[in-house]
Each structure stands twice: as C-alpha cells, then as structure tokens.
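Single-structure report; data block below.
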Amino acid sequence: GRKGDLAGRRVIVTAGGTQEPIDPVRYIGNRSSGKMGYNLAIEARDRGAHVILISGPVALPAPYGVELHQVETALQMRDIVYALITDADALIMSAAVADFRPAQAATQKIKKTDNKVAGQHEKGELSIHLVPNPDILAELAGLLADGGHAGAQHDGISSPQLKRRLIRVGFAAETEHLIEHGRAKLQKKQLDMLVANDVSRSDSGFGTDTNKVLIFHANGDMEDLPVMPKTGVAAAIWDRVVPLLG
Ligand code: PMT
C-alpha cells in the first residue's frame, strides 16, 4: 500500500503564485490557487513524509501536520528553497513563479497624477519597468551540475551542498504544444519528472479542482493521465517519485 511509503523522507513542495510588488497596494501575480501544491503536500504527509510547504499567498487553510513557510515574491521563494533543500529528498515545484518583477517597488502608493515613481505618464499612461526573476529550477540545475567545484556561483548564489540526491519535479503550465514544451522544460531544467498541465482546458490548470496532465520522465517516457481530482493527480505524482528515492 501507499501508506507510509514516504516515512522518514523530507520533501519540499512549492505552491501558489508569487506576487511581485508594484507599490504598497498593488502587485503582479497569476491565477494559481495553490490547490495542486497543497494536495501534493497533504498526500505526502498522509504517506508519512516530513513535508515542507513553501507557499505564495493563497486562500487555502494551512494543512495540519505540514511545515508551512509563506512567501510573497519569487526572490523570497528562491531563498527559502535554497535554505531548505540541503537535507531534502525531493523538491516538487508546483508554484507558479512570476517570470518578471517590477525593477523597483514604489515606496508609496502610485497616484494617477504621479509621473516620477514608476514610469512615465503620457495621456494618463503608466509604464512599469520589469526585470526577469531567477528561474529557480533552471538555476538549481546549473548549480548542481557545477556542484563538485567549490565556490561555483551563479548570480551570487553558491552551489547548495546537498546531503543526499534530490529528486526534482517541475510543472509546466501550457496553453499549446504541450508535448514539445513539456519535453523542452524537462531537458532545460534537468528534472527527474515534469508534469505538464493544459491550462487552456476548463477542467485543468489554475483554480480548478481537477487536472489533466502529461507526465514526462527523464528517460524520455511520457504518460497521458486522464482528468482527475487534484488529490488523485497528487497521488499519481508521489507514486512515481517514491521509486526514484534512494
Ligand atoms: O494552484 P492551482 O490553481 O491548483 O494551479 C496549479 C498550477 C496550474 C499552477 C500548477 O499545476 C502548475 O502548472 N504550476 C507551474 C506553473 C508554472 O509557473 O509553470 P512554468 O511553465 O512557468 O514553470 C515551469 C517550472 O519552473 C515550474 O515547476 C515552476 O515552478 C518553475 N519555475 C518557473 C519560473 C521561475 N522563475 N522559477 C521556477 O522555478
């Protein structure tokens, strides 16, 4: 049975979307509800794991028996992921991390007549300058590839010294070309598994209670799973991670 098959394991799940501040009252974000990630955390807890859930702002209750770390931004999520992976067995990134953030958040609320703070107003327009966020999974893949070299650094971050092999699972939110994009992300981020959901379907992706996913494996295999409740998708993912754990 599955009960207990994660006993003694430390697993990290990221969930929800990051929020990138524009000013004290506004942010750039996305539609992630956190449901997929919270179900992954709850399923791992029920199988006996010590679960660390790193969550963006969501409307879901904190799951009982899970170590919850709340963050807002991609940079905060990256810091806490790096701080906690050193003794983890698995990292599943179901969070929808914002790819860009405002170059600087205004310290005061931007007013309609304000033309100095966050861009120029011409005819009442406002522009916000965005800079790329680090891609947490891609950067981690680079650092682990350099891992043997002491002091290897990317963007001021040094290679994490992992105590054991870390199984890394990513998600991909796609609206088209699921197979090509899924394979490409698995490869680029050097993942053990990638779960691609079709976010253009009404029964799948952001906010829904169900999900329709393709699972890509490092050996090139692909599985096409039926639409299932996110609880079932979470169980299917852990079923496939367990055999990969050393
Ligand atoms: O929360 P729900 O409402 O239940 O919705 C679930 C979901 C649709 C958000 C989830 O199933 C999902 O697909 N999550 C990943 C969404 C996403 O951001 O995909 P991506 O293709 O942009 O990123 C690919 C992978 O890289 C993801 O594992 C992501 O966490 C990671 N990433 C992305 C950007 C970034 N800067 N750093 C990252 O590590």
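Here are a few things to note about the model shown:
- Being more than 12 Å from the ligand (Cβ to nearest atom), surrounded by 14 or more Cβ atoms within 10 Å (Cβ to Cβ) and not polar (S, T, N, Q) is a description that does not apply to A96.
For (1) assigned to a strand (DSSP E or B); (2) within 8 Å of the ligand (Cβ to nearest atom), each residue gets a yes or a no:
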site: R201; (1), (2): no, no
site: G207; (1), (2): no, yes
site: F216; (1), (2): yes, no
site: E223; (1), (2): yes, no
site: P226; (1), (2): no, no
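- Residue in the range 49-63 that is of a type outside the set (S, T, N, Q), without any contact (Cβ under 8 Å) to a residue 12 or more places away in the chain and more than 12 Å from the ligand (Cβ to nearest atom) present: yes
- Close pairs from the range 68-94: first over 18 Å from K189 (Cα atoms) and of a type outside the set (A, V, I, L, M, F, W, C), partner modelled with pLDDT under 95 and part of a loop (DSSP other than H, G, I, E, B), Cβ under 9 Å, at least 6 apart: T86/P160; T86/Q161; T86/L162; T86/K163; D87/L162; D87/K163; D87/R164
The values are calculated or read from the model by the stated rules, or taken from the named source; none is laboratory data. The shown structure was predicted, so the numbers you read here are calculated from the model rather than taken from an experiment. Using ideal geometry, Cβ is built from the backbone for each residue, glycine included, and neighbour counts are taken over all protein chains shown.
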